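Below you'll find the structure, written out as structure tokens, and then a few comments.
The values are calculated or read from the model by the stated rules, or taken from the named source; none is laboratory data. What you are looking at is a predicted structure, and each value in this text was computed from that prediction instead of being measured. All Cβ positions, glycine included, derive from the backbone under ideal geometry; neighbour counts span all protein chains shown. Just so you know, the surface numbers come from the protein's heavy atoms only, side chains and all, with ligands and any DNA or RNA stripped out. Shrake-Rupley method; radii C 1.70, N 1.55, O 1.52, S 1.80 Å.
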Amino acid sequence: MTLGWSVEDLVPAARGGGALRMGLRRLASDAWLQSDPDTATRARTFDAHPDSVQRLPWAAEAEAEAAAMIGNGVTDLGGAARTVWEDLCLVQAPPHGGAPVLSAGAVAFPTDWRLTEKLGLPLTAVHAPIHGYAEQLSAGVDHFVATLAADQIYGRANWFVVASDDWRYLPHGDPATRFAHVTADNAGDTLFVRSERQTLRRLPRTGAVLFTIGVYVAPLASLSDGVVATVAAAVASVPDGERERRAAPGYAQALAGYAARRMHGEVAA
């Protein structure tokens, strides 16, 4: 099974509104990583943002194993992340025991988070900004990470509505100001859907879990009527707390108006 490699494919595979869920799918090995990465864009981004690669000292062995699994003649996570489209993170238990933590990462295209602030944290703390994560998902995620078999690959997708097509999405300022220019008339060109294609795979020798994040961005106008309707309906059903985290109050009304116009054929796809 595959998740697809575009916003158009990933939105239907992702959770919409309502309660949080992992939404994992078993993937074949040939559906693990994108086969035709834009490595030039990746290299420019890593060069411009050297803090995009971080590691704990004891993660070196898992880094080397992850790089060897990806191939391409590199030996560390930062080098490996330049050869693929996906950002790469390692999750593993510390040498002295305890809950698994984010031990290393090479993240060129973050979606509203900074690797420097997450390194060394357990998974619940990494996901703390997600409203409802601790109550609805934390136990399930911890169990999945603890029991994932080395011969299995699982994937999931998510998406966000944003006001920028930048690969690095680190918004600043008040959301109302960020989306102030968006209207039902121009939402097709001023709103973008940003999807993450995420996979999890255990490294057989060190036992670390390699977490990959492939980012895809598309303007709303480029998506099918069905996907636009799915996005608008999901945004309308996002619960309080998560709604604010996603800045939905800044664009929900404009998105709904644009989706209605698309549904009635008043705006061409």
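Rounded if a/c is under 1.5, else prolate if a/b is larger than b/c, else oblate: which is segment 54-178, with a ≥ b ≥ c the root eigenvalues of its Cα gyration tensor?
oblate
Relative contact order for segment 24-93 using alpha-carbon pairs under 8 Å, separation at least 6, rounded to a whole percent?
37
For a quick check, take a GNM of the chain with Cα springs below 10 Å and name the residue from VAL231, VAL141, VAL162 with the largest mean-square fluctuation.
Of VAL231, VAL141, VAL162, the most mobile in the Gaussian network model is VAL141.
Between THR212, THR177, THR83, where does the largest GNM mean-square fluctuation fall for the chain, given springs only between Cα atoms within less than 10 Å?
Maximum among the listed residues: THR177.
Of the heavy-atom accessible surface of segment 121-236 (probe 1.4 angstrom), what whole percent is carbon and sulfur?
C and S atoms contribute 57 percent here.
Bin width 10 Å, origin at 0, all Cα-Cα pairs of segment 126-269: what percent of pairs per bin?
It works out to 10, 34, 30, 17, 7, 1, in whole percents.
With the alpha-carbon atoms as the only input, what is the per residue convex hull volume for segment 69-122 in Å³?
It comes to 87 Å³ per residue, whole-number rounded.
Under a Cβ-only charge scheme (Lys and Arg +1, Asp and Glu -1), can you give me the dipole magnitude of segment 44-85 about the Cα centre, in debye to the nearest 20?
Using Cβ point charges on Lys, Arg, Asp and Glu, segment 44-85 gives about 160 debye.
Could you give the dipole magnitude of segment 68-130 about its Cα centre, charging the beta-carbon of Lys and Arg +1 and that of Asp and Glu -1, in debye to the nearest 20?
80
Here are a few candidate values for Cα extents along the principal axes in Å: [x] 52, 39, 36; [y] 57, 40, 37; [z] 54, 53, 37. Which one was actually calculated from the structure I just gave you?
Read-out taken from this structure: [y].
Add -39500 (n - 2.57) for each DSSP H run of 4 or more in the chain, then divide by its residues: what number comes out at 222 nm, to the nearest 500 deg cm²/dmol?
About -8500 deg cm²/dmol.
How high is the relative contact order of segment 40-173, given as a whole-number percent (alpha carbon pairs under 8 Å, six or more residues apart)?
This gives 21 percent for segment 40-173.
How much length, in nm to one decimal, is gained on full extension between ALA146 and TRP58, taken as 0.36 nm per residue of separation minus their Cα-Cα distance?
Here the segment from ALA146 to TRP58 would lengthen by 29.7 nm.
What distance in nm separates the simple spin-label points at SER222 and ARG15, each placed 7 Å from Cα in the Cβ direction?
The answer from the label model is 2.7 nm.
Scan around ARG202 for amide H atoms under 5 Å from its own, H built in the peptide plane at 1.01 Å from N, and keep only partners 5 or more places away or cross-chain.
Excluding prolines and chain starts, which carry no amide H, the hits are GLN152, LEU210.
Could you tell me which residue out of LEU200, ALA218, PHE179 lies farthest along the dipole of segment 174-248 toward its positive end? Charges go on the beta carbon: Lys and Arg +1, Asp and Glu -1, centred on the Cα centre.
LEU200
What FRET efficiency would be calculated for the residue pair THR75, HIS172, taking the C-beta separation as r and a Förster radius of 35 Å, to the nearest 0.05?
Given R0 = 35 Å and the Cβ-Cβ separation, E is 0.45.
How much length, in nm to one decimal, is gained on full extension between ARG205 and HIS96, taken as 0.36 nm per residue of separation minus their Cα-Cα distance?
Length difference between fully extended and current span is 37.5 nm.
Relative contact order for the chain: what is it in percent, counting Cα pairs under 8 Å that are at least 6 residues apart?
This gives 24 percent for the chain.
Specify which residue in the list LEU191, PHE46, ALA260 is farthest towards the positive end of the charge dipole of the chain, using unit charges on the beta carbon of Lys, Arg (+1) and Asp, Glu (-1), about the Cα centre.
Sorting the options by dipole projection puts first ALA260.
How much solvent-accessible surface does GLU244 expose, in Å² to the nearest 10, with a 1.4 Å probe and all protein chains in place?
100
Beta carbons within 10 angstrom, averaged per residue: use that to sort the peptides 41-49, 203-211, highest first.
Those peptides, ordered most packed to least, come out 203-211, 41-49.
So, counting K/R as plus one and D/E as minus one, what does the shell of residues with Cβ under 14 Å around GLY79 add up to?
-3
With each pseudo-label sitting 7 Å past Cα toward Cβ, what's the TRP113-MET263 distance in nm, one decimal?
In this crude spin-label approximation the distance works out to 3.3 nm.
Treating the beta-carbon of each Lys and Arg as +1 and of each Asp and Glu as -1, no other charges, what is the dipole magnitude of segment 192-240 about its Cα centre, to the nearest 20 debye?
Taking the Cα centre of segment 192-240 as origin, the dipole is about 460 debye.
What accessible area per residue comes out for the chain, rounded to a whole number of Å², with a 1.4 Å probe?
44
Report the residue, chosen from ALA139, ALA252, ALA184, that carries the largest GNM mean-square fluctuation when the chain is represented by alpha-carbon nodes joined by springs under 10 Å.
ALA139
Report, for the chain, the % of DSSP beta bridges that are antiparallel, rounded to 5.
Given both bridge residues lie in the chain, the antiparallel proportion sits at roughly 95 percent.
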